[in-house]
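Q: Quick one: structure below, then a few questions.
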Amino acid sequence: MNPGPLALVGSGEYLPVMLEIERELLNGRPSKYVQIPLAAGLENDESLDYWVRLGQVQAERLGVESVPLRVRDKKDADDPDIAQLVKGAGLIYLSGGNPSHLAKSLHETALWRAIVKEWQGGAALAGCSAGAMALTDWVPAFRLPMQEPTRGLGLLPHLRVLPHFDRMFTRIPELLSRFSDVPDGVIVIGIDEDTAMVGGPYQWTVQGRQSVWLLNGSHRQEFRSGDVVTTPKI
């Protein structure tokens, strides 16, 4: 089988505004929705409960089975009993939080190997905010500016992703400078809130209420819902 579709989402995982995008990702696939809030693993139990419940409610709207994986760290992600729960998924979703923690905790674990295997077998794989960033091979240090960037999961080495793009510069105005020096062939993508880039790994369709942006220095090229974005192979 061919790999399933990918979705890079600026914000809005499990919310009604993203319902139709998640429905499309599940279309024609098993009605098993695996939800992984690992990016929130450094937060308290109430926060993890929030993500689990949010995903369960969205699965109820979609009429599919919700399979939340309560994983907090690399030890959890390397548990084979947890990893086997991914088997047979129609959609696997990495939700938001801390992208560095997500990438470090998931890298080279049983859970990540299971995710890749299911995606290669046809399951859809989505990442929102931190989840979208971690699917590339480079995650900037947001919370500790002097810390070195984190190695990402490497599924999309030709991309670097800025989620929440329409809000990012009011919150972290110097952030774009961290994306100014990229290797040849690597494209910087800004994804607005409540917006997704679906397809991949090299041809994508914009879906949602706002825009996707290709960033090249000071130049920004805008793509609206329905537009096709082509990213080059390295």
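Q: Taking the simple approach of a point 7 Å from Cα along Cα-to-Cβ for both Val17 and Lys117, what is their distance in nm?
A: Reported label-point gap for Val17 and Lys117 is 3.7 nm.
Q: So what's the back-of-envelope 222 nm ellipticity for the chain, counting only DSSP H runs of four-plus at -39500 (n - 2.57) apiece and dividing by all residues, rounded to 500?
A: Using -39500 (n - 2.57) per qualifying helix, the result is -7500 deg cm²/dmol.
Q: Provide the percentage of antiparallel DSSP beta bridges, counting only those with both residues in the chain; round to the nearest 5.
A: Details: 23 of 43 bridges.
Among the beta bridges of the chain, antiparallel pairing accounts for roughly 55 percent.
Q: Note the angle between two axes, namely the Cα long axis of helix 110-120 and the longest principal axis of the Cα atoms of the chain, as a number of degrees from 0 to 90, rounded to the nearest 10.
A: 80 degrees
Q: So, one more: Dipole size in debye (nearest 20) for the chain around its Cα centre, Lys and Arg Cβ +1, Asp and Glu Cβ -1?
A: 300 debye
Q: Run the quick spin-label model on Glu148 and Asn27: label points 7 Å from Cα toward the beta carbon, then report their separation in nm to one decimal.
A: Result: 4.4 nm between the two label points.
Q: What's the exposure ranking of Thr136, Thr109, Thr195, going from fewest to most Cβ atoms within 10 Å? Kindly include the intermediate steps, with their values, before the conclusion.
A: Values: Thr136 25, Thr109 22, Thr195 29.
The order, fewest Cβ neighbours first, is Thr109, Thr136, Thr195.
Each value in this text was obtained by applying a stated rule to the coordinates, not by laboratory testing. The shown structure was predicted, so the numbers you read here are calculated from the model rather than taken from an experiment. Cβ atoms come from the backbone with ideal geometry, glycine included; neighbour counts cover every protein chain shown.
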